[in-house]
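Reviewing the structure listed below.
None of the figures in this text is laboratory data; all of them are computed from the coordinates on show. What you see is a predicted model; the values in this text were computed from it and never measured. Here Cβ is always computed from backbone atoms with ideal geometry, including for glycine, and neighbour counts include all displayed protein chains.
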Amino acid sequence: MIAGLLALVATALAGPSTEPGTELVIVLDNSCSMIEPHSTKDQLQKPAADPDRRAVLGAQIVDALAAGDDRVQVLAFPLQERTGVLEVDGPAAIRDIGPASGTWFTGPLERARQILVGSSKRDRMLIVLSDGAPTDYDQPARGRELLGLDQDGRAFETLVLGLFPDEEPEAEGFLRALARFPEDYHRVDDGGAVVSHFTEGYARALGSKALTGTLSSGGSTSFDVGRYVTEVLAVTTTVDRSGPYSAELKRGGRTVPVQAAGDNGCSHGTRKNPALCNPPRMHFQTWRASHDPARPSSWSLTVPRAGGDVAYGVILRYDLFAEVDATEPAKVDTPAKIRARLTWNGETFDDAEFFGKDGFTAEAIANGERVPLTHVGGGVFEGDYTPRSSRPVPVVVRFTNTWMQKLGQGTLSVVKPPPLELAGTEVLDFGSWRGGRWATTSCQALTVVGNHGFDHATVQFDFRGLPAGSSLELAPSGQGWQVCARAKGCCGTLDTDATTALVARATDAEGSTAERAVRVVFHVDRTGFLKCWWPWICALLTLLVVFWFLYGWIRPHDFDEELTVRIAGSERQLSRSAALVLREQPRGRRGFYRNARVSLTHAGDFVAKTRGAAFWIEATGSGETTIHLQGPLEVMDRRTKQWKPLTPEEAADGLRTNIVYRLGDVYYRFQ
């Protein structure tokens, strides 16, 4: 049996559903791609998804099986219009459904929702069968919107069958969206399985057990019908186009009359599939017989004659119904009992053997939370659920086994709790401290507690009246918070006043709010000038020292590397005397905050100090010098060839190369 995991139908029941029976709507794809070869949008050639009209046969079978309190409506795509819906009434109309020009889903889905939501039947189910994507919308979510699967309203089950021999993720995505839950979608890769899927889908809608199989000509099968079964439904159909056949259903040796029989022939063909309606066709027979739920019985199904294999399906109808017992109001944040039961014939169903076999399980789903239910005796199942707000809780209970699924819906009412109130710390006194060069903090623990509902409340904090240059910082700590008052670095005097407070605002699950103001007290003395600025002062002094040191080495000047002097006792001897490089003489190189300088005595000797020197020469720039006189230094006048004293102005202009200087009996020539 097709089974799936049903999740919460997120809505409360719009009203009590007391009418017995099942409302079943079938949306049948009658587009041309079902019955004839076609091309995809990518120009790929694909065979017909259902060339033998098995889907039509399945709809015929479900329509034939429905009787009494059950109602079946078959909806198909309009033959020509893009909008609207083709409502197919009666066996003859279902048998002769014509091909539609497109996969027009909008109209049938809207009509299906209208029928199912408006139905007062106890059970409601939608079956959709298609082989492709809609042609009238391009977003999968549109299908869910048309069915209202994610909106408030009466819930109905879904079974979506996709006829795809191979996986087609894009096209299947549109069909998956039509399933209320993912497990409600099934890809059918074998056309021969369509009829069995329809039969099992109808059994699922009835919450009943289905037995399926295949018989050959002359074959038979026997099965037992146990207690609690109120009706037996059976169907046989040819597996392929093998023509008419005969079948018999017997109970205790007595033949059960056939309820309906027919084939899936039609009065139309298509250009690409001209043999669509020609015999041989697929045939079917159905039976429906009441059964005494208190007396088990033995049944048999026989196929005396058939041109091929015959598939069969037997539905054992159990009139079991799921109910939610949520009459006792619950309290917020307090475990409450969700009680549920199965009923049969208006009474609580209590059969320990039934509950212990076929994988029987029971669960409730409240506000999206799964609650396992345990049998506590007397047919009553219980589970614990804790509501988080006083809003009514929609509850869905689900009883399942390997062949049955029964749903019940109800509402758990919750008592509204008293208004939210807060308590806790009265004053946050951070004390006094002096501001620092960097930000300084003082921390205290904050406790905020509340009455019922506070454990699940959202708490937010705000600050008011804080002096400029300060702030409060919060961090969770244990069962409360750690609050730190923070003064920025190099701050002025900071003082709180009567308006300074930390405000806690809590909002519980009910939307109720409460506010509590906690007085904040602290005093911060201004940061001292030196404490705040000494790093900058030290940095500036360091920079000045570095500059002074570097300048002392960079600023002084050196003599030209090739500047030399010849010294002799006569002018004639100068050309024969050695050329002395000034840089190599005492103090001839620059020093720390000292230009290069050479000092000469009256005897023409170099000395390190200027004291006792007749004159000295100092480098003053790039290739420039200055002569400092302490004696009568003379220079040869090239024009008159006479010696003349060197004037202070000429000395300040520096040395002149290739000129002979004289001091006493010592001659000098700088080159």
*Looking at the range 416-497, which GluC sites (Glu not before Pro) are in a loop (DSSP not H, G, I, E or B) and have at most 12 other Cβ atoms within 10 Å?*
Glu426
*Rounded, prolate or oblate: pick one for the range 55-188, where a ≥ b ≥ c are the square roots of the eigenvalues of its C-alpha gyration tensor, a/c under 1.5 means rounded, and failing that, prolate if a/b is larger than b/c, else oblate.*
rounded
*asked:* Compute the angle between helix 106-118 and the longest alpha-carbon principal axis of the chain, please, reported from 0 to 90 degrees and rounded to the nearest 10.
replied: 70
*Report Rg(Cα)/(2.2 N^0.38 Å) for the range 401-553, keeping two decimals.*
1.79
*Would you order Cys538, Cys277 from fewest to most other beta-carbon atoms within 10 Å of each residue's own beta-carbon?*
Cys538, Cys277
*Positive-end residue, the chain charge dipole about Cα centroid, Cβ charges, pick of Thr625, Gly148, Pro418*: Thr625
*Fewest to most neighbouring Cβ within 10 Å: what's the order for Thr527, Thr507, Thr657?*
Thr657, Thr507, Thr527
_Quick check: convex hull over the Cα atoms of the chain, volume per residue in Å³, rounded to an integer?_
354
*Global form of the range 320-415, assessed from the alpha-carbon gyration tensor, a/c cut-off 1.5*: prolate
_Under 15 Å from Lys337, Cα to Cα: aspartates and glutamates that are on another chain or at least 8 residues apart_ = Glu323, Asp325, Glu328, Glu363, Glu369, Glu382, Asp384
*Lys357, Lys46, Lys121 arranged by Cβ crowding within 10 Å, fewest neighbours leading*: Lys357, Lys46, Lys121
*asked:* Using the crude model of +1 on Lys and Arg Cβ and -1 on Asp and Glu Cβ, and no other charge, please compute the dipole size for the chain relative to its Cα centre, in debye to 20.
replied: 3620
*Computed Kirkwood radius, in angstrom, where 1/r is averaged over Cα pairs of the range 564-670*: 14.0
*Just list whichever of Lys331/Lys406; Lys121/Lys209; Lys121/Lys250; Lys46/Lys209; Lys357/Lys406 have alpha carbons separated by over 26 Å in the model shown.*
Lys331/Lys406; Lys121/Lys250; Lys46/Lys209
_Peptides ranked, highest mean first, by Cβ atoms within 10 Å: ranges 636-643, 22-29_ = 22-29, 636-643
_Estimated 222 nm signal from helices in the chain, with DSSP H stretches of n ≥ 4 weighted -39500 (n - 2.57), rounded to 500_ = -4000 deg cm²/dmol
*Tell me, which cysteines of the chain are without a disulfide-compatible partner by the Cβ under 4.7 Å rule?*
Cys32, Cys491, Cys538
